[in-house]
């Protein structure tokens, strides 16, 4: 097997070199690299297997990127890597160029059919003095491998070489696959609105740690955040309010499509949520015919829950939902549609069951798989529908008993809107205080002992926005805990260890500062001094 891998590496490197221009090459610089240890790099999530060979690949101005020519998606991954290298180093690394005079080293992103690649996100990363090879069956897997490579490119070049800066990447082999196929974050844009640019920044940060799902909570009592052309008052009337009386906001369908496209470029699925039958005051203010609680309606800017409901017996309500699901589904290429379903306290149980059963059929009619908060398991839902566990264990075990998959988001462990500790400026504490170690030290597989691993689709960390109104406050609650949740989703229980993780987390400081992330500087972490600009996050 080792001989086969070596042969593949040599062949790929040779192919890349042969494809270059026949112009005369300049004399290579002979270097003696310092000893490295790939296994001690601060990679998050921790890969499945790392083997160090203690040398280095010298990333420099004479490096090129080649990708599998049969796939435009692989070339896009190569261009993404080139762009990120330029952001970090100012090096302009060409992608699939045949017009170069000097090539010293090659990064090759290869579409492979190796049986060693277990799932679509699996990748192999081989690093030697002359080449870096990323093997994957899919562009998605290659993209995950690129995130690992980004994390081991040093912030500073080796400045011992006059006029020829090099960034020394430790050599060795990484074999990696995700533990769960679903690794998500949720952002509530209904209580407080977040702009397209803010969502894009969150996508950038999440993708770096291999998160592959972004669930947007688009509607609630306080506001409706997505344009529905067949029901325009949803945004003209209810897009202008939020918690605390702010100006709110909403996404036009073009802006929502821009978010979806940006997520797709980062191999991330957008999951839209329209919360119902509760959490629906904003929709019913715009269209009172939807209202089911018999009370006079007015815009709501508080934070109480459970007082609103749709009328489960009106055909108009289901015509409305059909239109909403149809328009959003047409804009969302991912497989999921989230119907909410939580905290519908004023909906009679029999009406709730009727409602969820009918809405599931509407979602399926428009080609989507339904997700709902774990309360939906009170209804007679299909086994293809997914329960998101946040509160009630019985709902999760009922889901497993009927063959439904479960997303693990227990409020006491995974809710990003909970305070870290009593000193936290933002956040709530109704579920728990969740310091960084508590956020990390649990297993989605064993949290509910009655569940088996095959019952669990993955993990998601929700961030409700009652107490936050801007990107800095979002980052304060999300980071660094979101980084730990990323590892919970990707790495196996056997491969995770708090003492090891907190060292790797401490060394994320240069990246977080470079991205201007307002992370919470937990005293549990011995944060690395950022020598890039000689500052430490306050």
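Any read-out appearing in this document is the output of simple, stated calculations on the displayed coordinates, not a laboratory observation. Computed from a predicted structure; not experimentally measured. Every residue, glycine as well, gets a Cβ built from its backbone with ideal geometry; the counts of neighbours run over all protein chains shown.
Here are a few things to note about the model shown:
- 0 to 90° range, to nearest 10: angle between helix 72-89 axis and the chain longest Cα axis: 70 degrees
- In a fully extended conformation the segment linking residue 307 and residue 384 would gain 24.7 nm over its present Cα-Cα distance, using 0.36 nm per residue.
- Secondary-structure-derived ellipticity at 222 nm for the chain, considering helices only, amounts to -9500 deg cm²/dmol, per-run term -39500 (n - 2.57) for DSSP H runs with n ≥ 4.
- Sites residue 49 and residue 452, calculated FRET efficiency, Cβ-Cβ separation with R0 25 Å, nearest 0.05: 0.50
- Relative protection proxy for 299-311, 86-98, 54-66, from highest mean packing down: 54-66, 299-311, 86-98 (other beta-carbon atoms within 10 angstrom).
- Rounded FRET efficiency, nearest 0.05, which uses the C-beta distance separating residue 423 from residue 118 and R0 of 41 Å: 0.45
- Helix axis angle, 139-152 relative to the chain longest principal axis, alpha carbon, degrees: 60 degrees
- Scaled radius of gyration (Cα, divided by 2.2 N^0.38 Å) that segment 250-396 gives: 1.04
- Ellipsoid fit via the Cα gyration tensor, segment 386-538: semi-axes of 30, 18, 12 Å, each the root of five times an eigenvalue, largest first.
- Beta-bridge orientation, the chain: approximately 35 percent antiparallel, per DSSP, counting only bridges with both partners inside.
- Taken as Cα centroids, segment 428-499 and segment 330-398 sit 22 Å apart, rounded to the nearest whole angstrom.
- Estimated from the Cβ-Cβ distance and a Förster radius of 45 angstrom, the FRET efficiency linking residue 430 and residue 83 is about 0.60.
- Highest mean packing first, where packing is the average number of other Cβ atoms within 10 Å per residue, the peptides 70-80, 420-430, 478-488 line up as 478-488, 70-80, 420-430.
- For the pair segment 57-90 and segment 209-242, the centres of their Cα atoms are 36 angstrom apart.
- Values [x] 82, 49, 45; [y] 83, 55, 45; [z] 78, 59, 44 are given for comparison; Cα extents along the principal axes in Å, derived from the coordinates here, is the one labelled [x].
- Entry note, segment 182-508: relative contact order of 17 percent, from Cα contacts under 8 Å with a spacing of 6+ residues.
- Length gained on full extension, residue 264 to residue 204, computed as 0.36 nm times the residue gap minus the Cα-Cα distance: 20.4 nm.
- Relative to the longest principal axis of the Cα atoms of the chain, helix 196-208 runs at roughly 50 degrees.
- Three-way shape label, segment 460-525, alpha-carbon gyration tensor, a/c 1.5: oblate
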